[in-house]
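Asks: Submitted below is the structure of interest, expressed as structure tokens.
Where a number appears in this text, it was derived from the coordinates with a stated rule and is not lab data. The model shown is predicted, which means the values in this text are computed figures rather than measured ones. We place every Cβ from the backbone using ideal geometry, glycine too, and count neighbours over all the protein chains shown.
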Amino acid sequence: MTTARITIDRDFTIGDVPRRLFGSFVEHMGRCVYTGIYEPGHPQADARGFRKDVLALVKELGPTVVRYPGGNFVSGYLWEDGVGPVEKRPRRLDGAWHTIETNAFGLHEFVEWAKEADVEVMEAVNLGTRGVEEARALVEYANHPSGTYWSDLRRQNGAADPFDIKLWCLGNELDGPWQIGGKTAQEYGRLAQETAKAMKFVDPSIELVAVGSSNRQMPTFGSWEHTVLTHAYDEVDYISMHAYYQEHDGDAASFLAEAVDMDAFIEGVIATVDAVKAAGKHTKQVDISFDEWNVWYQSGLETEDQPHLVAAQWREHPRLIEDTYNVTDAVVVGTFLHSLLRHGDRVKIANQAQLVNVIAPIRSEEGGPAWRQSIFWPFARIAQHARGRILRLAIDSSQVSTKRYGDVDVVDAAATWDEESGTIALFLANRSLTEASDLTVDLRGLGATTVRSAEVLTVPEGGDRLVANVVDDQDRVGLTPLRGVDVVDGAVRATLPPLSWSVVLLDTARA
Ligand code: AHR
């Protein structure tokens, strides 16, 4: 048995929970849109072709904001193709994913779907093959009330009211050699600055995300952010981060510790942003939009279901990167959400990539069912319960040794306190594959406390750490009650099973 002691004090907080931390991502890639959120003719589809079974799961998952329409896809996308009468929309080759894009689903459909799903729209513009004019026109189309060419076209296309999209991404992963229209930091920094200016001239209320590095291993990581922000600091509000992780060669211990890398990556970007702020004598603060993150088994990319990398036929919505997630992945995803919360003073937006089918918490089959993957659970519970203020935790934990990160805390945690409802939410991962952890949470200054609920995701009976939910066995991995959680003398006592992620809700006496 390992041990961990967490100390919480109501006066030690990181800041308010930025609710946009619980974002997701819908890209025109594989089966995320087509046969994912949209499948006319499916027995569960509504009159607009939105799958009601998928929508119900999206609402249960609880994302607050959804990025659209890409991803790599956006860097070759003409947004005008996706508006107007569907029968007139062109079929195009999407070079990013080697796919035929029918354009049956576009901006209006996504805005409608987002309303139904009760999520904010985060729209990306194409700065790969396009530039200032097309981005400016899109803001006018989406947000200007009426009386101009683009706003009247939106009205003609059936939307009398502006879409009022506040959050915009200035392109996607333009530092990557794989990106259509990739750029040097100088080229992108200037383009981002000028595009941002023009977009804000149309609607000064919008918030803009500049493209940061595609991952921490990029050779230009650090210098890219520095150069881009040196140009565009005054014009943008956020810089993006992207990161995907996977287990390598069966090294589960290192994989379970990847949030250590995520913490360091975030802190590195904050340092760079603040260096530009200081050097430029800026007063405003640029924050972080971590707008792609997840577990993604990229080493499987050369397999048959990855037609963008192998000679393949051009097809509509092929199966692409439909990773199946197991118990270990769910615990890791829990720790990523902890990392984002721990940095909630600077990471204000985050989007798990993606929402349905493509490296996603929700899976669906064409003409068939939809179900929750293991990683659905930590996201759903944290999105639901992380409210109020993020607590700054002092953690004194036994260590687990890892090849990649040395010794790391066996218990990884985050916590929030919602003064209004009197709820403390504790989010807890036990990274040990073999040992339970004896946990004490010392609650300072929070008055009388009782346990409202406690749930755990761990290896199900008769299973192992690789067990997953699949089409024929959709509920194998889920949350079950965590027994034996008590409050004794102002401290929570619990035993966290090996390889587990838990959520404990406490009621505090209101002030
Ligand atoms: O989410 C899948 C892909 O990963 C996105 O299209 C791209 O931005 C990233 O490389």
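Asks: Once a ≥ b ≥ c are taken as the square roots of the eigenvalues of the Cα gyration tensor of the stretch 469-511, is the result rounded (a/c under 1.5), prolate (a/b larger than b/c) or oblate (a/b not larger than b/c)?
Replies: Values: a/c = 4.39, a/b = 2.29, b/c = 1.92.
Prolate is the answer for the stretch 469-511, as a/c is 1.5 or above and a/b outweighs b/c.
Asks: Further, regarding this structure: Among Val66, Val331, Gln373, whose Cα sits farthest toward the positive end of the charge dipole of the stretch 18-385 (+1 at Cβ of Lys/Arg, -1 at Cβ of Asp/Glu, about the Cα centre)?
Replies: Result: Val66.
Asks: For the chain, give the magnitude of the charge dipole about the Cα centre (Cβ charges: +1 Lys/Arg, -1 Asp/Glu; no others), in debye to the nearest 20. Working shown, then result.
Replies: Numbers: 49 positive and 75 negative charges, 157 e Å.
Value, rounded to 20: 760 debye.
Asks: So if I take the centroid of the Cα atoms in the stretch 60-90 and the same for the stretch 134-189, what is the distance between those two points in Å?
Replies: 11
Asks: Set the bar at 29 Å for Cα to Cα. Now go through Lys348/Lys403; Lys183/Lys348; Lys166/Lys277; Lys88/Lys200 and name every pair that lies beyond it. Mind dumping the intermediate values first?
Replies: Numbers: Lys348/Lys403 31 Å; Lys183/Lys348 26 Å; Lys166/Lys277 24 Å; Lys88/Lys200 31 Å.
In this structure, Lys348/Lys403; Lys88/Lys200 lie more than 29 Å apart at Cα.
Asks: Further question: If one takes the longest principal axis of the Cα atoms in the chain, at what angle in degrees, from 0 to 90 and to the nearest 10, does the Cα axis of helix 52-61 lie?
Replies: That works out to roughly 50 degrees.
Asks: Sort all Cα-Cα distances of the stretch 380-497 into consecutive 5 angstrom bins from zero, then give the percent of pairs in each bin up to the one containing the longest distance.
Replies: 2, 9, 17, 21, 20, 15, 10, 5, 1, 0
Asks: Two decimals, Cα atoms only, Kirkwood Rh: what is Rg/Rh over the stretch 307-462? Don't skip to the answer; put the middle values down first.
Replies: Values: Rg = 18.7 Å, Rh = 18.2 Å.
A ratio of 1.03.
Asks: Let me ask something else. With +1 assigned to the C-beta of every Lys and Arg and -1 to the C-beta of every Asp and Glu, and no other charges, what is the dipole magnitude of the stretch 356-473 about the Cα centre in debye, to the nearest 20? Before the final figure, lay out each step's value.
Replies: Numbers: 12 positive and 17 negative charges, 76 e Å.
Using Cβ point charges on Lys, Arg, Asp and Glu, the stretch 356-473 gives about 360 debye.
Asks: Additional query: Using the number of other C-beta atoms within 10 angstrom as an exposure proxy, rank Glu461, Glu194 with the fewest first. Provide the component values of the computation, followed by the final result.
Replies: On the way: Glu461 6, Glu194 17.
Result, fewest neighbours first: Glu461, Glu194.
Asks: Further question: Ratio of the stretch 360-401's C-alpha Rg to 2.2 N^0.38 Å, to two decimals? List each step's numbers first, then the result.
Replies: Values: Rg = 16.8 Å, N = 42, 2.2 N^0.38 = 9.1 Å.
Output field value: 1.84.
Asks: Quick one: grab Rg to one decimal and Dmax as a whole number for the stretch 120-238, Cα atoms only, in Å.
Replies: Answer for the stretch 120-238, Rg first and Dmax second: 14.9, 48 Å.
Asks: From the Cα trace of the stretch 18-385, what convex hull volume per residue do you get, rounded to a whole Å³? Mind dumping the intermediate values first?
Replies: Numbers: hull volume 47.2 nm³, N = 368.
Here the figure is 128 Å³ per residue.
Asks: Could you tell me what a quarter of the Cα convex hull surface of the stretch 22-111 works out to, in nm² with one decimal place? Before the final figure, lay out each step's value.
Replies: Values: hull surface 23.3 nm².
Average projection, Cα convex hull of the stretch 22-111: 5.8 nm².
Asks: Would you work out which of Gly147, Phe255, Ala114 lies farthest towards the positive end of the dipole of the stretch 18-385, given +1 charges on the beta-carbon of Lys and Arg and -1 on that of Asp and Glu, about the Cα centre?
Replies: Ranked along the dipole, the leading option is Gly147.
Asks: Still on this structure: Pick out, from Phe201, Tyr238, Phe105, the residue whose Cα sits farthest towards the positive end of the charge dipole of the chain, with +1 on the Cβ of Lys and Arg and -1 on the Cβ of Asp and Glu.
Replies: The residue sitting most towards the positive pole is Phe201.
Asks: Here's a follow-up. What FRET efficiency comes out for the pair Lys115/Ser401, r = Cβ-Cβ distance, R0 = 56 Å, nearest 0.05? Mind dumping the intermediate values first?
Replies: Working: r = 49 Å, r/R0 = 0.88.
The value I calculate is 0.70.
Asks: Still on this structure, I have one more. Of the trypsin sites (Lys or Arg not before Pro) in the stretch 422-499, which ones lie in a loop per DSSP and count no more than 10 other C-beta atoms within 10 Å? The partial results should precede the final answer.
Replies: Details: sites: Arg431, Arg444, Arg452, Arg465, Arg476, Arg483, Arg493; in loops: Arg431, Arg465, Arg476, Arg483.
Answer by residue number: Arg483.
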